[in-house]
1. In debye, nearest 20, what is the charge dipole magnitude of the chain about its Cα centre with +1 on Lys and Arg Cβ and -1 on Asp and Glu Cβ, if you could check?
2. Can you work out the FRET efficiency for the pair HIS54 and VAL139, with r the C-beta to C-beta distance and R0 = 41 Å, to the nearest 0.05?
3. Give the value in nm², to one decimal: projected area of the alpha carbon convex hull of segment 58-114, averaged over all directions.
4. With only alpha-carbon atoms counted, please give the Rg and Dmax of segment 1-46, in Å.
5. Based on the inverse mean of 1/r over its pairs of different Cα atoms, what is the Kirkwood hydrodynamic radius of segment 13-140, in Å?
6. Would you compute, from DSSP H runs of 4+ residues alone, the mean residue ellipticity of the chain at 222 nm, taking -39500 (n - 2.57) per run and dividing by the full residue count, rounded to the nearest 500?
7. Ordered by packing density, taken as the mean number of other Cβ atoms within 10 Å over each peptide's residues, highest first, how do 84-91, 112-119 rank?
8. Would you work out the relative contact order for the chain, in percent, from Cα pairs under 8 angstrom that are 6 or more residues apart?
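Values quoted throughout were computed directly from the atomic coordinates according to the rules given, and no laboratory measurement underlies them. Just so we're clear, the structure is a prediction, and the values are computed from it rather than from any experiment. So basically every Cβ, Gly included, is an ideal-geometry build from the backbone, and we count neighbours across all protein chains shown.
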Amino acid sequence: MATERTLSIIKPDATKRNLTGKINAKFEDAGLRIIAQKRIQLTKAQAGKFYEVHAERPFYDELCEFMASAPVVVQVLEGDNAIAKNRDVMGATNPADAAPGTVRAEFAESVGENSVHGSDAPETAAVEIAYFFSGLELVG
Ligand code: UDP
Ligand code: MG
């Protein structure tokens, strides 16, 4: 299996409820290494650029408002098959569909306020990591 890196975000609903440590424990228990991490406050414009691919979707404006509503923790996770593994740890987008034990099953409040983001493919992971981190900040 290939070692990969993926971009993870602990979203405002989770940072507000002090869940950063509990979510990070799930990543680490699954064998994902947190090789970079910072807590930042996004502007709505910065959130909008990050989620540009969803610009035509009906939930886009609400999503950008939400992502700028409180601090987020952006992080790079590294490990074997990290992109798919992180998606497994996260659970389905809608917490009602998320498997037991996943982050979203345990912590998400709704399909929008669903506690975590994770990249969905190698190409998007590379773009999303570069959006938040410089090469000097990535120490594997
Ligand atoms: N989202 C939403 N309503 C929807 C679908 C998605 O508010 O019907 C939000 C939700 O926060 C989700 C994000 O938009 O995590 C990005 O959607 P995507 O389909 O990429 O889901 P993800 O990759 O996060 O599981
Ligand atoms: Mg997605």
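1. 420 debye
2. 0.85
3. 4.6 nm²
4. 12.4, 37
5. It works out to 15.1 Å.
6. Calculated from helices alone, the mean residue ellipticity at 222 nm is -10500 deg cm²/dmol.
7. Highest mean packing first, the order is 112-119, 84-91.
8. Result for the chain is 37 percent.
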